[in-house]
Structure formats: C-alpha cells, structure tokens
Amino acid sequence: MSFVNKKVESIKQEVEKLYAQSKDESMRAWFFKGHVMLVANYGKEVAEDVGADVEIVVLAALFHDIARVWEIDDDPELMNESLKTTREVMIRYGYSDSKIKEVEQAILHHSCRETLPQTEEGKVLSTADAMAHFLSEFFLILPVNCWLNATDNFEEYKSWVKRKIERDFHKKIFYPKYRAKVRKKYEALKTVFNS
Ligand SMILES: [Fe+2]
C-alpha cells in the first residue's frame, strides 16, 4: 500500500535513499526513521484531524530537513538548500507551481523562531515536528549522534534542550489536543534537563 498516494510513496522512497547514502552516520542510522517519518506520520494524522491538505503536509515533512543529508545543519543554508531540493524534486514529479509554493511555505516557518506559520499546513508541520521531538528518543540520542562531537560541552547542550522544549511545547504546537498528548514527556524532559 502506498503512503498517501503513488507519487508521495515514490518521493518517500527517494528521500529514504538520500538519507541512506549520507556521509553522516547519524543521518544514515537514525534520522529518517527516527525523525523524518515520525513527522510525516504525525503530520498525516493531525492534517486529517484538522482538515489540512495531507499531501502538502506529508511532502513538507519529508523535505523539511533534507539538506542535513549533505551535512548542512545550520540556517540559512539548511533552509535554502532544503527548499531548493523540494522544488527540484516536486517539479520532476509534475507538481504545479502553486502546490510547490504551499509546501515551501509550510517548511519556511516550521521552526517558529522569527516567524510563525501562515497556513494551516504550516501549523500542522510545526506541530508534527514538535510532537516527533517529544514522542521519540530525539533529545536523548542527539548528544550521542552529533551534538557533543561538535561542542563537547554538556552544559551547553542542556541549556539548548531547555530552550528548545519550551519553544516546541508552547510555540510550535498549535492545537491543544496535541499539546496534551506530549505534556507528560515535556514535563519529564524538563525534570531531567533541569537536574
Ligand atoms: Fe524536524
């Protein structure tokens, strides 16, 4: 059975292959299954629930971090390269310019840093991204995967996590029902990282 429809299923397989070929071990070993597909699945669930466009949300989920495959981990390059790949692949699959723009819009604001999502699909992507952080081993596996290699500073990692879980919980989740779903995990992480 295909995921959403045949086109999305093929794109999903392409994206999975790109992650599998990454030079970054953590991308190959964990990120596609442990993060990207969780965002896609929660995105699908929330989109169906709130009446957003499932195809747009799932495509945005598949592409939202894609430049990490090429070890590009910081904005603005991460965002620019991810949007560039989104456009290239979607054109190749025959999507219209307006569909491509809807996916780009959702990806563009999903981190809720300076700007907030402008569309329902963007709100769903942001919600699903935050849910995937809480409802997986995300915050526990990151230091193992890469973070400590880069900084070698656990105190810095802890304060980054503390800021991120507040933004994820209060800013990125747009629907109270889904905030309630991750509340226990949010409280638990807060306890662990405040200790
Ligand atoms: Fe993400």
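Read-outs throughout are calculated quantities, based only on the coordinates presented, and are distinct from any laboratory measurement. These numbers come from a predicted model, not from an experiment. Don't worry about glycine lacking a Cβ; one is built from the backbone with ideal geometry, like all the others, and counts go over all protein chains shown.
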Percent RCO, i.e. relative contact order, over the chain, from Cα pairs under 8 Å lying at least 6 residues apart: 19
Kirkwood-based shape ratio for region 107-147, expressed as Rg/Rh from alpha carbons: 1.08
Residues Val50, Val57, sorted so that the one with the fewest Cβ neighbours within 10 Å comes first: Val50, Val57
Student exercise, the chain dipole from Lys, Arg, Asp, Glu Cβ charges, in Debye to nearest 20: 620
When each of Lys23/Lys162; Lys158/Lys185; Lys84/Lys158; Lys158/Lys184 is checked by Cα-Cα distance, pairs over 25 Å: Lys23/Lys162; Lys84/Lys158
Label-to-label distance, nm, for residues given as Lys177 and Asn5 (7 Å Cα→Cβ offset): 2.4
Cα-Cα pairs of region 1-72 separated by more than 18 Å (percent): 35
Relative contact order (percent, whole number), region 66-152, Cα cutoff 8 Å, 6+ residue spacing: 15
Cα centroid separation - region 95-109 against region 50-66, whole Å: 9
Arg113-Lys84 FRET efficiency (beta carbon distance; Förster radius 30 Å; 0.05 resolution): 0.90
Positive-end extreme of charge dipole, region 6-194 - chosen from Tyr19, Ser126, Tyr95 (charges on Cβ): Ser126
Dimensionless Rg ratio for region 78-195, taking C-alpha atoms and the 2.2 N^0.38 Å reference: 1.21
Choice from Thr86, Thr127, Thr119 with maximal GNM fluctuation in the chain (Cα, 10 Å cutoff): Thr119
